[in-house]
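What follows is a short report on a single structure.
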Amino acid sequence: MKVLCVAEKPSISKAVATHLSGGSFQTHNTRSQYIKNYAFTFDFGQPWGQCDVTMTAVVGHLTQTLFADGYKNWESPPPVSLFGAPTITTVHDDKKAIAKNIADQARYARLLVIWTDCDLEGEYIGHEIVEAAKFGNRDITVKRATFSNIERAHVLNAARRLGNLDAKLVNAVAARIELDLRVGWAFTRFITNSLRPLGGPVESLMISYGSCQFPTLGFVVDRYFKVRNFTPEPFWSIKVMHKKDGKQANFSWARNRVFDRMSAVILYERCLDSNKAKVTKVQEKATRKFKPLPLTTVELQKAATRLLRMTGQQALNLAEGLYNKGFVSYPRTETDRFDKGMDLKKLVEKQTPDQRWGPHAQGLVQGGFRQPREGRHDDKAHPPIHPITYASPSVLSPDEARIYEYIVRRFLACCSEDAKGMATDIELQYGEEIFTAHGVVVLERNYLEVFIYDKWEDSAELPNLRVGEQFEPTEALLTEGKTSPPNYLTEADLLALMDANGIGTDATMAEHIQKIQDREYVQTTERSGQAANDDDDDDDPHDAPVARGTRGRGRARVARGGRGGRTSGQAAGGGRRGIKVFVPTRLGVALILGFDRMNFETSLGKPFLRKQMETKMKAICAGQTTKDVVLRESVAQYRQVFLQSQEKLNVLKAACREFVFAG
Amino acid sequence: MDVPSQIKSALQASSFPPPSQNLLSSLSPSIPLPSLLATAKSRILSSDLTSSPLINPSLPTLPAGIDSPAAKEVVLGRDTHVQVVDIENLSVSRWEQVEELEAIERGERTRGREVIQVTGEENENVGTQSQPATQAQPTQAGKNAIHRLTLQDRAGNKVYAIELRRIDKIGIGKTMMGEKILLKRGTVVARGTVLLTADKCVFLGGKIDAWQRTWVEGRLARLKAEVGQDRPTQ
């Protein structure tokens, strides 16, 4: 029996062919320069048995969906007609040879096995392959291999446990493609046509709209105005310091700070008048710094932008390359928990040859291994990103090596013990006010040994104070400070915002960020000094007293951060210079404010519409709704917004005049 | 005991200001006592202390010069009833409060990094007392928060009061304008500011609707004006 196997890209095709054939296959050229057909025999087990296999590949999507011929002109019929215009799905011109190869090979095969990546996009590409194969053989049987990395045993296992393509996932992607096409082009043509007459810098621009691009731009504009409009305010605090036996304890005020001088002075005066402070609590307790969670795509991108000075896009491309070479698992995943059945110890063992982290891996193998923490996300398709085999630096490019290092160190950290320490908390009552001092001694570094991106250090040793002890503090000061503005968004901030608000998928977020730069809606600039990771940092015991206590909001920052739950173990990137941040261009500001000021229920610059759409995609996947229903609802919704936008076009134009043309 | 006397002593037992003759005589004796008492309480709580005909004019006022910053510490010699005319959260910068109010006005709220759209209907179901969107509950104050109230006595004298210890009943959105508080004998006033502690004050509740409305509607503008004052000249 003859079987045709088709992968999503040539590297996977070759890797799978190598494993299934045991290394002996014949290679045939095709009419596409990128694609080779590999011929070999393989026993798929029941019911297929020993088969003659041809393994080939596509290069991503085979088809594109476009508007029919009568809708190519930007002016007529008017852009609004695109919401209802007929669309056609055809094979890309430059993919025709690939499609033909599949049809030709299908002619001789009884079974087609899809080896595309196991995610939404992969499912849809699988569907495109099926369509192409049916041109050659209408009756071909279709199966799908489920795999998340190209390690030998995993691939062999997948080949012997074939499943089916999921039509629901295919339909979800089809719905998104159609909606993006209609909405994207309708608004792009409308905005471009409408603003062109203003002349000047917008005369020759194509002003594209995308339902992910605009909310992404919206975040950048929103933060930009938060920074610009920020008004500093003075605040007051009380700091108490006490020296004993040559050691010093710095106490911070439980109230942290007060935005009124008189009130602070009154409370301060009452402290001083009481003369003596009294120790009300001394607590020594074991403490730990949690090891990081297993790695997801978004976290990888955030870490790469923060620690490795790459863009999210670069990081994803590099990880993809590592996956294609078989070094790491599939890098597009939302899962932050390992399946209990996975033999993680074996994967750890593979890292023992490395000079840098080999000894740590060795220690884990010899009894130090701990099961990773479990996050709350599971995409049910892929495990967290982890190394599959060992790659020595000599086989990787310098950038690949840095991403690989991060993935391996993160994985080894996940399989290590938390760092352990002893924390001392001293509480003081001085007048009616409460003050606290905190000290920590790190006892066991554990995961920190290998995860060099996290920092946890001993604090200065506290003097020995007993409960009930009274003393006159060495120093008690009324201090004054001033709130500081939030920072412009870093790429990591932007990714986190997109993630939290359902803008794009983990795999496409970086593309949207790139797109709004290409369109010159935003630009990057270097921010000096400031630590890049303030949003995610855990409580830092060494923070200055006035900045402690109320996370996130503590520094009068309006960042939507710091309260979004614990994303423990975020690498500390503190103190490095030249963090890249995003600021909008004049055009970017004009577009977002233009739509915001139209005062619809949901501005296109806000994430709500897109989020609803993503929710509907998920509902299609879950079988709770259908592609047709979603398309009908969403097209109607966006058409409504479109009509309103046309009515209020003057608002957008005015915003352009105000920002793009203003001196 | 006759009905007016019973009402009078019941009010006293609940730390209420003593009723005026006017109030007592307006209560119809044919209604059961518990209902009468509830009526009397609610009328007192929603009236303006400074002009209410429902309260006995003998009600004590704050000592003269109580708001003087020159006096380091004064202790109230007798129980004094006051009403709230303003509240501020001194633990959060005014600008942060401005931004939060503006987001609520736009129909947005944030949950961590997530921006949530708040529509009118949703809010009625979720909100505690079917408030319009502009009154949606702001973030709850933390356990070490410090609020400053502006209190007013029977004679219209105003004085600041701050939380010496956090009192959960006090908060933006919780404390209502016109709410009545009894400051007990022994309450400390430092540098012209009353120091509030749970053992020295009794929260009687109540609100004056018109004051509350004006306060809510004017809050954003007030905060903005206050921030403006602090703005350093550039």
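The values are calculated or read from the model by the stated rules, or taken from the named source; none is laboratory data. Treat the numbers as computed from the prediction; the structure is a model and nothing was measured. Please note: Cβ atoms are built from the backbone with ideal geometry, for glycine as well, and neighbour counts cover all protein chains shown.
Summary of computed values
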| item | result |
| --- | --- |
| Test: residue in region A:215-229 that is farther than 30 Å from A:VAL183 by Cα and small (Gly, Ala, Ser) | no |
| Check on B:ILE87, surrounded by 12 or more Cβ atoms within 10 Å (Cβ to Cβ), within 14 Å of chain A (Cβ to nearest Cβ) and not in a helix (DSSP H, G or I) | yes |
| Single residue of A:SER24, A:SER13, A:SER76, A:SER81 found to be in contact with a Phe, Trp or Tyr (Cβ under 8 Å, 6 or more places away or on another chain), assigned by TED's automatic domain parsing to the domain that holds A:LEU112 and free of Cβ contacts under 8 Å to residues at least 12 places away in the same chain | A:SER81 |
| Residue in region A:598-613 that is over 23 Å from the mean Cα position of the chain (by Cα) and farther than 21 Å from A:VAL80 by Cα present | no |
| Pair list, Cβ under 8 Å, 6 or more apart: region A:410-430 residue basic (Lys, Arg), other residue assigned to a helix (DSSP H, G or I) | A:ARG410/A:ALA303; A:LYS420/A:ASN446 |
| Count - residues of region A:131-162 that are over 13 Å from A:THR116 (Cβ atoms) and in a strand (DSSP E or B) | 1 |
| B:ALA145 being among the small types (Gly, Ala, Ser), closer than 16 Å to B:LEU90 by Cα and assigned to a strand (DSSP E or B) | no |
| Qualifying residue in region A:189-201 (condition: more than 10 Å from chain B (Cβ to nearest Cβ), part of a strand (DSSP E or B) and among the β-branched types (Val, Ile, Thr)) | no |
| Region B:101-127 - residue that is over 20 Å from B:LEU220 (Cβ atoms) and of a type in the set (Asp, Glu) and, of those, modelled with the lowest pLDDT | B:GLU124 |
| Only one of B:SER68, B:SER25 that is in contact (Cβ under 8 Å) with a residue 24 or more places away in the chain and not assigned by TED's automatic domain parsing to the domain that holds B:THR187 | B:SER68 |
| Qualifying residue in region A:94-101 (condition: of a type outside the set (Val, Ile, Thr) and under 32 Å from the mean Cα position of the chain (by Cα)) | yes |
| Number of the condition not met by B:ARG166 [criteria: (1) buried (at least 18 other Cβ atoms within 10 Å of the Cβ); (2) modelled with pLDDT of 95 or more] | (2) |
| Those residues of region B:180-196 which are buried (at least 17 other Cβ atoms within 10 Å of the Cβ) and in a loop (DSSP other than H, G, I, E, B), in sequence order | B:THR187, B:ARG191, B:GLY192 |
| Residue list for region A:18-60, restricted to those being among the polar types (S, T, N, Q), assigned to a strand (DSSP E or B) and more than 39 Å from the chain's Cα centre (by Cα) | A:GLN26, A:THR41, A:GLN50 |
| Filter pass, A:VAL441 being in a strand (DSSP E or B) and either closer than 30 Å to A:ARG610 by Cα or not basic (Lys, Arg) (or both) | yes |
| Tally, over region A:259-288, of residues that are part of a loop (DSSP other than H, G, I, E, B) and more than 14 Å from chain B (Cβ to nearest Cβ) | 2 |
| Neighbours by Cβ (under 8 Å, 6+ apart or cross-chain): first from region B:171-186, of a type in the set (Ser, Thr, Tyr); second at pLDDT below 95 and in a loop (DSSP other than H, G, I, E, B) | B:THR175/B:LYS169 |
| Spans of strands (runs of 3 or more DSSP E) in region A:61-122 with at least 3 residues crowded, with 20+ Cβ neighbours inside 10 Å | A:111-115 |
| Unmet criterion (only one of (1) closer than 25 Å to B:ALA155 by Cβ; (2) free of Cβ contacts under 8 Å to residues at least 24 places away in the same chain; (3) not in a loop (DSSP other than H, G, I, E, B)) for B:PRO4 | (1) |
| Single match in A:ILE503, A:ILE516 (criterion: more than 9 Å from the chain's Cα centre (by Cα), outside the structural domain of A:ASN275 (by TED's automatic domain parsing) and either surrounded by fewer than 19 Cβ atoms within 10 Å (Cβ to Cβ) or assigned to a loop (DSSP other than H, G, I, E, B) (or both)) | A:ILE503 |
| Test set (1) away from chain A (no Cβ under 14 Å); (2) surrounded by 17 or more Cβ atoms within 10 Å (Cβ to Cβ); (3) not polar (S, T, N, Q) - B:VAL74 fails condition number | (1) |
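Residues are listed down the side, and each one gets a yes or a no for (1) among the hydroxyl-bearing types (Ser, Thr, Tyr); (2) part of a loop (DSSP other than H, G, I, E, B); (3) within 13 Å of chain A (Cβ to nearest Cβ):
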{"residue": "B:GLY178", "(1), (2), (3)": "no, yes, no"}
{"residue": "B:ASP199", "(1), (2), (3)": "no, yes, yes"}
{"residue": "B:VAL202", "(1), (2), (3)": "no, no, no"}
{"residue": "B:ALA210", "(1), (2), (3)": "no, no, no"}
